[in-house]
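Input: a single structure, listed below in structure tokens.
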Amino acid sequence: MTLQQLEYVIALDAYRHFVTAAEKCFVTQPTITIQVKKLEDEIGFLIFDKSKFPLKPTSSGEMFILKAKMILKEARELKNMVNIELNSIEGEFRLAVLPTISSYLIPLISGPFSKKYSNTRLMIEEMESDQIIRSLHNKEIDIGLLVTPLNDAHLREIKLYNEPFVFYGQPGFINKDKNKISVEEIEGLTNLWLLEKGHCFRNQVLNICGHTNTNGNIQFQSGSIEALKKMVDNYGGFTLVPEMAISTNDNGHVLHFQKPKPVREVSLVVQQTFSKEVLLDALRHEILDKTPKEFEKNQRFIKINWR
């Protein structure tokens, strides 16, 4: 028994004629005849007395039609409820964000998102990549904002942008006349400041530079990119930072990479079964609106993995 068969029965009851009912259901007359016959065979009694013209329901058929109308009404209400639920972003949602993304992006999108979606409550927490992935699998969070690809069959990635890495050093650390630097030029440099272990950004920097921190008698690894920049300012050496971490106050400290630039791919990540597409679209729109347009337009780049 299918809902479609019930629709055919209701149409036949309404129009009492196979051809007319078939036309109203946008099917051929044999289709509706065969499906109603299959349904009658399944339930074990005739729904319509076909010897009458126009058609007339049998006594058992009248009860069946009454129940069928109730079932179809409930089915339509259920469908409407599902559609409303899928297209609504009211409620509370848990979003986990990498610290190296959160500090520079979340303050930019929080105000506009809150004004547009006042009935949506975002519970935002900073987490490292491995913790975000575990929390997604355990359904402890709804959405992750982190660096991809993850190569995880149970998770879906919605790519947002490619963010370039930027060289940050004291003025003249390389050459005061340079305004660009290549990946090859930094591979042999020492005095590199790094984030502490556990940060995927640290792994990406090491994948670019090919060596670890060698800062003389001072060994300092921080969870803050801003702290690393201050170490460069006051102690020397260099570090790599995401481009959104650069401000106008950093002029003289920054060298952009030559093409192809090393970048990190930033994405929203959810479980494969996550159904709130409207929420993902809203977050994606706000994030892309607040990130530099060239992030999306870069076609030549070196994507740096974090694993």
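The values are calculated or read from the model by the stated rules, or taken from the named source; none is laboratory data. Note that this is a predicted model, so its numbers are computed, not measured. Cβ sites come from the backbone with ideal geometry, for glycine too, and all protein chains shown count toward neighbours.
Side notes on the structure shown:
- Here K79 does not qualify as surrounded by fewer than 12 Cβ atoms within 10 Å (Cβ to Cβ), modelled with pLDDT of 90 or more and more than 30 Å from F238 (Cα to Cα).
- With respect to (1) surrounded by 14 or more Cβ atoms within 10 Å (Cβ to Cβ); (2) of a type in the set (K, R); (3) modelled with pLDDT under 85, the lone exception for K197 is condition (1).
- Residue count, the range 136-153 (criterion: in contact with a strand residue (DSSP E or B) (Cβ under 7 Å, 6 or more places away or on another chain) and closer than 28 Å to P262 by Cβ): 9
- Flag for F53 being at pLDDT below 90 and of a type in the set (F, W, Y): yes
- Residue among L136, L150 that is touching an Asp or Glu at 6+ places or on another chain (Cβ under 9 Å), assigned to a loop (DSSP other than H, G, I, E, B) and touching a residue at least 60 places away in the same chain (Cβ under 8 Å): L150
- Test result for G169, in the same structural domain as M244 (by TED's automatic domain parsing), in contact with a His (Cβ under 7 Å, 6 or more places away or on another chain) and either among the acidic types (D, E) or modelled with pLDDT of 65 or more (or both): yes
- Single residue of the range 8-48 satisfying the filter (within 17 Å of A68 (Cβ to Cβ) and among the charged types (D, E, K, R)) that is surrounded by the most Cβ atoms within 10 Å (Cβ to Cβ): D13
- Those residues of the range 252-283 which are β-branched (V, I, T), assigned to a strand (DSSP E or B) and within 25 Å of the chain's Cα centre (by Cα), in sequence order: V263, V266, V269, V270
- Screening L122, L189, L194 for residues that are under 27 Å from the mean Cα position of the chain (by Cα) and not β-branched (V, I, T) leaves exactly one candidate, L122.
- Scanning the range 108-146 for residues that are among the charged types (D, E, K, R) and buried (at least 16 other Cβ atoms within 10 Å of the Cβ) returns E126, E128, D142.
- Within the range 249-261, residues that are small (G, A, S) have Cβ atoms under 7 Å from residues that are assigned to a loop (DSSP other than H, G, I, E, B) in these pairs: G252/P171, counting only partners at least 6 apart in sequence or on another chain.
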